[in-house]
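> First the structure, which I've put down as structure tokens, then a few questions once you've had a look.
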Amino acid sequence: MGSNTINSRELILDILLAVTRDHRYSHIAIRSTLDKYRYLPKQERSFIKRICEGTLEHMIWIDYVLNQFSSVKVHKMKPVIQCILRSSVYELKYMDAVPASATCNEAVKLAQKRGFRNLKGFVNGVLRTVSRNLSNISMPDKDKEPLEYLSIAGSMPVWILELWQNSYSLEQIEGFLEAFLTKMPAAIRINPLKTTKEELKKELEEAQIQVLESELEDVLLIENYDFLEKIPAFREGKFHVQDISSMQVGLWAQPKEHSFVVDVCAAPGGKSIHAAEMMHGTGRVEARDLTPYKVSLIQENIERCQLPNIRTVQADARIPDEKLMGQADLVIADLPCSGLGVLGKKADIKYKVTEEACKKLVALQREILDTVCQYVKAGGILIYSTCTINPAENQENTVWFLQEHPEFSLEKQQQILPGKGICDGFFLAKFVRN
Ligand SMILES: C[S@@+](CC[C@H](N)C(=O)[O-])C[C@H]1O[C@@H](n2cnc3c(N)ncnc32)[C@H](O)[C@@H]1O
């Protein structure tokens, strides 16, 4: 990491503080720091990203280890010391290329730099003890206390495991945990209005990006890129990063040319843009979201992809819009949810979401569905989707919706589980208005 090492570790500390102390979302905190420091070498930017994501992914295990060897329990530590120790334990365990002594020394220097000169000995002592004992950590008995074991080994709060246990076997749950901790390539959906799969593959490879084939039409997988805006093909709107499970919304809906589509919770615009591309630039997609900031994210993507058939609207999906009643051929309701299917990409969700929040989300999803289903014209389609694997937000909402809205029939629904293929956990249901 050369002379910039301390700098990188300071950035890591600031990102982890933003997420764990100031409750910011990790993907936003990481992205905004990396956006600000685009001039750093790619290797250093990858180091920052990897340590931040890895620390958050494995944080329950890390705290368990620290609590075994520290006289002060993690929850009692000052946030700065907590973050330095957590990221250093991640480094000790997972970054073979960094010598343990370097990790310890850098942690001590950083503690001093951030005003904790008096804790230099503590930081040093804890990390050196952890380093000596890493291959010898005692874990709960997997057979006697399976949830406690899985919670630590897979860094998942026990209440989430208990929630899943109501619907999934322990084997399935173990599979989810493994999938969330496995790094996946990013799926990209090719914009067929601008390029072909072969042309794009060639162009990306020429830009030194690792491209993997996918069996799906119009889909490639990419790895080893720095940031998207650096890729000319991305700036020119030739592709959009979208998980394969999210692409199913467009594929299930198959919007025809000249359709009118309303996407009620659209930011940053992935599904709206897919629909607009599938309609070959004809018809109209109205991409709505709640706040000006969210609408601006959709707008940026529309401009990048240069699509003539989408417009954005800032609107609260809970409030009926009289102009839309019975007008839409397709309503996309990709609603706010607990996100328990995408913990591999957004690890910090598992520490932020609560049981109470899940219940409130079900109420919000029902309120929005109740309103926006009215926009579907007779014979039209409503697609409801979430990125969670919590049945209360998925299949139970389908049952509720069909009871409340006999004017709709369910054509199909699917719960995609994490670890099946390279997909996120995702749910979708397709309803047709009679
Ligand atoms: C799952 S995300 C949508 C992702 C998007 N469909 C895509 O594919 O890029 C849910 C969105 O719902 C928006 N949202 C939350 N509450 C809302 C409300 N009351 N009205 C409209 N949008 C809302 C959030 O701002 C968020 O952008």
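The values are calculated or read from the model by the stated rules, or taken from the named source; none is laboratory data. None of these values were measured; they are calculated from a predicted model. Note: ideal-geometry Cβ built from the backbone for every residue, glycine included; neighbour counts use all protein chains shown.
> Count, please, the residues in region 219-242 that happen to be surrounded by fewer than 22 Cβ atoms within 10 Å (Cβ to Cβ), without any contact (Cβ under 8 Å) to a residue 60 or more places away in the chain and within 16 Å of the ligand (Cβ to nearest atom).
So the count comes out to 4.
> Please determine whether any residue of region 197-205 is within 19 Å of MET59 (Cβ to Cβ), of a type in the set (D, E, K, R) and free of Cβ contacts under 8 Å to residues at least 60 places away in the same chain.
Within region 197-205 (the criterion being within 19 Å of MET59 (Cβ to Cβ), of a type in the set (D, E, K, R) and free of Cβ contacts under 8 Å to residues at least 60 places away in the same chain), the answer is no, since none of the residues qualifies.
> Go over the candidates LEU402, LEU382 one by one and state the one that is modelled with pLDDT of 95 or more and either among the aromatic types (Phe, Trp, Tyr) or surrounded by 20 or more Cβ atoms within 10 Å (Cβ to Cβ) (or both).
LEU382
> To continue, here is another question. Select from region 321-351 the residues that are more than 12 Å from the ligand (Cβ to nearest atom) and in a loop (DSSP other than H, G, I, E, B) and list them in ascending order.
MET325, GLY326, GLN327, LEU340, LEU343, GLY344, LYS345, ALA347, ASP348
> Which of the following residues is in contact with a Lys or Arg (Cβ under 8 Å, 6 or more places away or on another chain), without any contact (Cβ under 8 Å) to a residue 40 or more places away in the chain, closer than 21 Å to VAL432 by Cα and of a type in the set (A, V, I, L, M, F, W, C): ALA267, ALA287, ALA276?
ALA287
> In region 99-128, which residues are surrounded by 14 or more Cβ atoms within 10 Å (Cβ to Cβ) and hydroxyl-bearing (Ser, Thr, Tyr)?
Matches in region 99-128: THR103 only.
> Say we look at region 372-389 and pick out the residues that are part of a strand (DSSP E or B) and within 12 Å of the ligand (Cβ to nearest atom); which of these is nearest to ALA328 (Cα to Cα)?
By that ranking, first place goes to ILE383.
> So, one more: LEU307 versus (1) away from the ligand (no atom under 13 Å from the Cβ); (2) closer than 20 Å to GLN365 by Cβ: which is the lone unmet condition?
LEU307 satisfies every listed condition except (2).
> Could you count how many residues in region 261-289 are within 11 Å of the ligand (Cβ to nearest atom) and assigned to a helix (DSSP H, G or I)?
Result for region 261-289: 6.
> Can you name the number of the only condition in (1) part of a strand (DSSP E or B); (2) of a type outside the set (Gly, Ala, Ser); (3) in contact (Cβ under 8 Å) with a residue 40 or more places away in the chain that GLU411 fails?
(3)
> Something else: Testing TRP400 on (1) free of Cβ contacts under 8 Å to residues at least 60 places away in the same chain; (2) within 22 Å of the chain's Cα centre (by Cα), one condition comes back false. Which one is that?
For TRP400, the failing item is (2).
> Still on this structure, I have one more. Kindly indicate whether LEU369 is surrounded by 15 or more Cβ atoms within 10 Å (Cβ to Cβ), within 16 Å of the ligand (Cβ to nearest atom) and not in a strand (DSSP E or B).
It is true that LEU369 is surrounded by 15 or more Cβ atoms within 10 Å (Cβ to Cβ), within 16 Å of the ligand (Cβ to nearest atom) and not in a strand (DSSP E or B).
> Scan region 238-249 residue by residue and report those that are of a type outside the set (A, V, I, L, M) and more than 14 Å from GLU199 (Cβ to Cβ).
Residues satisfying the conditions are HIS240, GLN242, ASP243, SER245, SER246, GLN248.
> Taking the residues in region 243-258 that are in a loop (DSSP other than H, G, I, E, B) and surrounded by fewer than 20 Cβ atoms within 10 Å (Cβ to Cβ) as candidates, determine which candidate is nearest to the ligand (Cβ to nearest atom).
Of everything passing the filter in region 243-258, GLN254 is nearest to the ligand (Cβ to nearest atom).
> Exactly one of these conditions fails for LYS76: (1) more than 31 Å from the chain's Cα centre (by Cα); (2) surrounded by fewer than 21 Cβ atoms within 10 Å (Cβ to Cβ); (3) farther than 28 Å from PRO418 by Cα. Give me its number.
(1)
> Kindly check whether there is at least one residue in region 390-401 that is within 16 Å of the ligand (Cβ to nearest atom) and touching a strand residue (DSSP E or B) at 6+ places or on another chain (Cβ under 6 Å).
Yes - at least one qualifying residue is present in region 390-401.
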